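Computed from the coordinates by the stated procedures, all read-outs in this text should not be read as laboratory data. What you see is a predicted model; the values in this text were computed from it and never measured. Here Cβ is always computed from backbone atoms with ideal geometry, including for glycine, and neighbour counts include all displayed protein chains.
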Amino acid sequence: MPEETTTLETTTLETTTLETASLEYGDLYLKFIDEEQSIAALEGYEGSIDVIGIIVDIDNTNPENPIVLPLAGWHVNTRGIITEELKAFSLIPANPRRVWA
């Protein structure tokens, strides 16, 4: 009885390695001069944006006549990719008024 032979075909797969830049991701507290500057800086941003606007302090020394004191700047929080452009507007508040849940 003749011996049975099996021939196997071999296929070589080409692989390509994609190098991706390491992206920094996180939350930023941003302070702009005004709303217009924030719109320009955040144009095309693909993360989450929380517009706070003008932050105010309230002086309740006299509860019957509280004094509203607006703080300088237009404030926005972001969550997503941290770019060098956004880092220029970033600050670290001592007591954040609003944070991501």
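Can you give the FRET efficiency for Asn60 and Ile92, using 1/(1 + (r/R0)^6), R0 = 30 Å, r = Cβ-Cβ distance, to the nearest 0.05?
Values: r = 26 Å, r/R0 = 0.88.
In this case the efficiency is close to 0.70.
Applying a DSSP loop filter and a limit of 11 other Cβ atoms within 10 Å to the GluC sites (Glu not before Pro) in segment 23-90 leaves Glu24, Glu43, Glu46, Glu64. Val76: net charge of surrounding residues, Cβ under 13 Å, Lys/Arg +1, Asp/Glu -1, itself excluded? Local charge sum for Val76: -2.
Taking a quarter of the surface of the Cα convex hull of segment 25-91 gives a mean projected area of 5.1 nm².
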